[in-house]
Amino acid sequence: MRILDTSEIQPSEIDGLGHMNVRFYMERAQRANRALAAELGLRGDAAKDIRMAQVDTYCRYHREQFQGSTLTVNGGVLEIRSDEVSAFYELTNPAKGEIAATFIIVNALTDRATGASLPLPAAARAAAMAMRVELPDHGRPRTIELGAPRVDLAYEVVAARLADDPTDPMSRRSEWTVAPELCDANGFLADSGALMFGGPRQPSADDMRRHGPMTFGDEGRRLGWASLETRMVRVSPARAGDTLCSIGAEISLHPKVRHSRRWLFNTTTGHLVSLNDNVSIALDLDARRSIEIPPRIRSQLETRHVPEFA
C-alpha cells in the first residue's frame, strides 16, 4: 500500500472525551480516497464532467488517538467493477506502531450533471489494477455485514413504528430542507457530514470540545458510547430543495453493544437516500473500560429495538 495522506492531530480535532473525534478519522480517509481518485485520473481538470461518489463507506475503529500525534493513511484498490472501485485504507500512528482505524470505501463513477452511472475508462482500470491490495484480517468487518443492505422499507412504515426520542442522538428524528450550500454545482447533495450525522449541521470543533459524544450518568458512574464500526450506504440522490427526514433505531442489542441504524428518507420523492449503521459499546469513561449496558439505559433502547427492520 502507498501513503496517501499524512497529518498531525490538531487541538480543534479533540472532543470532550480528550481524544480525536471519530469525524476526523473519516475526514482523513476521505482525503486519501480523493488522492487515490486523482491517481486514477478521475479528479481534476481532466475529469471535470465526472465524479467518484462514495456510495458505501465502512469503518472499523481500532485505537483512540490524541493531540499532537502524526497519522498516515495507507491505501490501495481491493476490487474493480465496470463502474466502481472498491478501496482499502489504513489509518496508522507510525510512531507508536498502532492501527487507529481501517476503511473499505466503494466509489461509483457518475456523470456530474445527471448523476447517472458511467463505466470506468480503460486508463483508470489499468491504473487501479496497478494499485491492487489484499484485504488484511484486521480490516474485515466484525459485526456489520457488507452485503446488499435492506432498502425496501418505506418512510411511512418506519415513521409509524418509531416515535421521536430527543434524549438519544442515535434515535432523534430530524427533518430539514437541503440547502444549496450543501450541494455541488449541479444541485446534488454532496458527500458531507449531512449524510453521516443525518442533519444539515455537523458539530463544530467547539461543540465537540465542550460536549463531545453524548455521556450519561448511572449510579455515580460517567458513561458513554464508543464506536466500534460504522457503515454508510448511499441509496439515491437528493437535491437542493428536497425535504429529508432522519430516523434512528436499534436493529440489534447485546449485553455490552448496540447496533444502531439511521434511515435518511427523501419525503419529497419518497425515496430512501442513505443508511447509516453504528455499532458501539457501553464505556465507563472514568475507568476507561467496557461495561454491560445498564438496565435503565437498556430498557430505553428496547422500546426502539426493531430487528424486523434489519
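Some points to look at:
- Test: residue in region 116-124 that is under 16 Å from Arg63 (Cα atoms) and not hydroxyl-bearing (Ser, Thr, Tyr): no
- Among the residues of region 22-60, those that are assigned to a helix (DSSP H, G or I) and not hydrophobic (A, V, I, L, M, F, W, C) comprise Arg23, Tyr25, Glu27, Arg28, Gln30, Arg31, Asn33, Arg34, Glu39, Asp45.
- Residue, nearest to Ala100 (Cα to Cα), within region 14-41, restricted to residues that are acidic (Asp, Glu) and open to solvent by 30 Å² or more (accessible area, probe 1.4 Å): Glu27
- Contact annotation: residue pairs with Cβ atoms under 7 Å, 6 or more positions apart or on different chains, pairing a residue in region 89-103 that is in contact (Cβ under 8 Å) with a residue 60 or more places away in the chain with a partner that is assigned to a loop (DSSP other than H, G, I, E, B), are Glu90/Met1; Ala100/His62; Ala100/Arg63; Ala100/Gln65; Ala101/His62.
- Scan of region 95-152 for residues that are closer than 16 Å to Val235 by Cα and hydrophobic (A, V, I, L, M, F, W, C), ordered by number: Ile105, Val106, Ala108, Leu109, Ala116, Leu146, Ala148, Val151
- Residue pairs meeting the criteria (Cβ under 7 Å; at least 6 apart or on separate chains; first open to solvent by 30 Å² or more (accessible area, probe 1.4 Å), in region 123-142; second among the basic types (Lys, Arg)): Pro141/Arg60; Arg142/Arg60
- Residues of region 1-21 that turn out to be in a helix (DSSP H, G or I) and either in contact with a Phe, Trp or Tyr (Cβ under 7 Å, 6 or more places away or on another chain) or modelled with pLDDT of 95 or more (or both), as a count: 1
- Counting only residues that are of a type outside the set (D, E, K, R), assigned to a strand (DSSP E or B) and exposed (fewer than 14 other Cβ atoms within 10 Å of the Cβ), region 173-190 holds 1 of them.
For every residue, the table says whether it meets (1) part of a loop (DSSP other than H, G, I, E, B); (2) at pLDDT below 95; (3) touching a strand residue (DSSP E or B) at 6+ places or on another chain (Cβ under 7 Å); (4) at positive phi.
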position: Leu78; (1), (2), (3), (4): no, no, yes, no
position: Ser82; (1), (2), (3), (4): yes, yes, no, no
position: Ala101; (1), (2), (3), (4): no, no, yes, no
position: Thr110; (1), (2), (3), (4): no, yes, yes, no
position: Pro149; (1), (2), (3), (4): yes, yes, yes, no
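- Total residues in region 248-301 satisfying the condition of being open to solvent by less than 40 Å² (accessible area, probe 1.4 Å) and within 21 Å of the chain's Cα centre (by Cα): the figure is 28.
- Residue-level check: of (1) within 14 Å of the chain's Cα centre (by Cα); (2) at pLDDT 95 or above; (3) open to solvent by less than 20 Å² (accessible area, probe 1.4 Å), Leu195 misses just (2).
- When residues of region 220-247 are limited to those that are within 23 Å of Ala282 (Cβ to Cβ) and open to solvent by 50 Å² or more (accessible area, probe 1.4 Å), the one nearest to the chain's Cα centre (by Cα): Leu228
- Residue check for Leu120: in a loop (DSSP other than H, G, I, E, B), over 24 Å from the mean Cα position of the chain (by Cα), of a type in the set (A, V, I, L, M, F, W, C) and surrounded by 19 or more Cβ atoms within 10 Å (Cβ to Cβ): yes
The values are calculated or read from the model by the stated rules, or taken from the named source; none is laboratory data. All values reported here derive from a predicted model rather than from experimental measurement. Positions of Cβ are backbone-derived with ideal geometry, glycine not excepted, and every protein chain shown enters the neighbour counts. Just so you know, the surface numbers come from the protein's heavy atoms only, side chains and all, with ligands and any DNA or RNA stripped out. Shrake-Rupley method; radii C 1.70, N 1.55, O 1.52, S 1.80 Å.
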